[in-house]
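K.L.:
After the structure tokens below, expect a handful of questions from me.
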Amino acid sequence: MSKTILEQVLEANQNFVSEWAEVQGQHKAPVSKIPSKELAIFTCMDTRLVDFLEGAMGIQRGEAKVIKNAGNTVASPFGVVIRSLVMAIYALGVKEIIVIGHLDCGMATATAEGLKEKMIARGIAPEAIKLVEGALTQWVDTFHHPIENVAGVVSAIRENPLIPKDVPVHGLIFDPDNGRIDLIVNGYDSIGK
């Protein structure tokens, strides 16, 4: 009988903890919750970025706060992304933000109508979908191209009244096939504006 995903994860964790204990025995200094690079990264939840994006950026454990969602989108002026950035800036010492999208993002081909159909097929009541239909359409149907999305998200964060003007908000695009990163928006150009 094959193991469930949960069983595989718990078994891997037991092995990890055993190995980590050996490593920690050699290096006693704990990693701080304050990011040593004073950086917050806002990116997509795409599986191809896991254990790849941070390395491509030269980011190590303890150096940055990483916030992820589908399509690295900002759907609300005080939604979860902005709340996370506010916490990162005011409570955890973040002084720069990097928004990093990626090529071949699944959000670019998704539609609100397609998601609604799949939800109904999985048993979600149409009445429940009606409650979020406007927000769903605004979120999914406005994402058309990853590079344009990065520029728009940088602008939304930069213009948010809760984000200090002295915090640069950069925009980058990542290639999930080869790790290449290209600059879309240099946040230093708008400091204090």
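The values are calculated or read from the model by the stated rules, or taken from the named source; none is laboratory data. Quantities reported herein were computed from a predicted structural model and do not represent experimental measurements. Every residue, glycine as well, gets a Cβ built from its backbone with ideal geometry; the counts of neighbours run over all protein chains shown.
K.L.:
Among the residues of segment 20-35 satisfying the criterion of being assigned to a helix (DSSP H, G or I) and either touching a Leu at 6+ places or on another chain (Cβ under 6 Å) or surrounded by 10 or more Cβ atoms within 10 Å (Cβ to Cβ) (or both), which is modelled with the highest pLDDT?
P.N.:
If we filter segment 20-35 for residues that are assigned to a helix (DSSP H, G or I), which is where we start, we get 20-26.
From the residues that got through so far, the ones that are either touching a Leu at 6+ places or on another chain (Cβ under 6 Å) or surrounded by 10 or more Cβ atoms within 10 Å (Cβ to Cβ) (or both) too are 20, 24.
Working: Trp20: 81, Gln24: 71.
The selected residue is Trp20.
K.L.:
Within segment 78-99, can one find any residue that is over 16 Å from the mean Cα position of the chain (by Cα), in a loop (DSSP other than H, G, I, E, B) and either on the phi > 0 side of the Ramachandran plot or of a type in the set (D, E, K, R) (or both)?
P.N.:
Yes, that holds for at least one residue.
K.L.:
Another question about this same structure. Filter segment 63-77 for residues that are more than 11 Å from the chain's Cα centre (by Cα), at pLDDT below 95 and either farther than 15 Å from Met45 by Cβ or among the hydroxyl-bearing types (Ser, Thr, Tyr) (or both) and give the result. Explain how you work it out, then say what you get.
P.N.:
Of the residues in segment 63-77, the ones more than 11 Å from the chain's Cα centre (by Cα) are 63-64, 75-77.
Still in the running and at pLDDT below 95: 75-77.
Listed by number, the residues that qualify are Ser76, Pro77.
K.L.:
Do you know which residues across segment 158-188 are among the β-branched types (Val, Ile, Thr) and outside any strand (DSSP E or B)?
P.N.:
Hits for segment 158-188 are Ile163, Val167.
K.L.:
Let me ask another. Run down Ala135, Ala128 and say which single residue is over 19 Å from Lys65 (Cα atoms), touching a residue at least 60 places away in the same chain (Cβ under 8 Å) and surrounded by fewer than 15 Cβ atoms within 10 Å (Cβ to Cβ).
P.N.:
Working: Ala128 fails: touching a residue at least 60 places away in the same chain (Cβ under 8 Å).
Answer to the check: Ala135.
K.L.:
Among the residues of segment 100-124, which ones are surrounded by 15 or more Cβ atoms within 10 Å (Cβ to Cβ) and either of a type in the set (D, E, K, R) or farther than 26 Å from Phe42 by Cα (or both)?
P.N.:
Once the filter is applied, which keeps residues that are surrounded by 15 or more Cβ atoms within 10 Å (Cβ to Cβ) and either of a type in the set (D, E, K, R) or farther than 26 Å from Phe42 by Cα (or both), segment 100-124 yields Lys116, Met119.
K.L.:
Turning to a different aspect of this structure: Given (1) free of Cβ contacts under 8 Å to residues at least 12 places away in the same chain; (2) farther than 30 Å from Asp166 by Cβ, where does Gly106 come up short, assuming only one miss?
P.N.:
Among (1) free of Cβ contacts under 8 Å to residues at least 12 places away in the same chain; (2) farther than 30 Å from Asp166 by Cβ, Gly106 violates only (1).
K.L.:
With respect to Leu53, determine if the residue is touching an Asp or Glu at 6+ places or on another chain (Cβ under 6 Å) and crowded, with 17+ Cβ neighbours inside 10 Å.
P.N.:
Numbers: touching an Asp or Glu at 6+ places or on another chain (Cβ under 6 Å): no; crowded, with 17+ Cβ neighbours inside 10 Å: yes.
So Leu53 fails the test.
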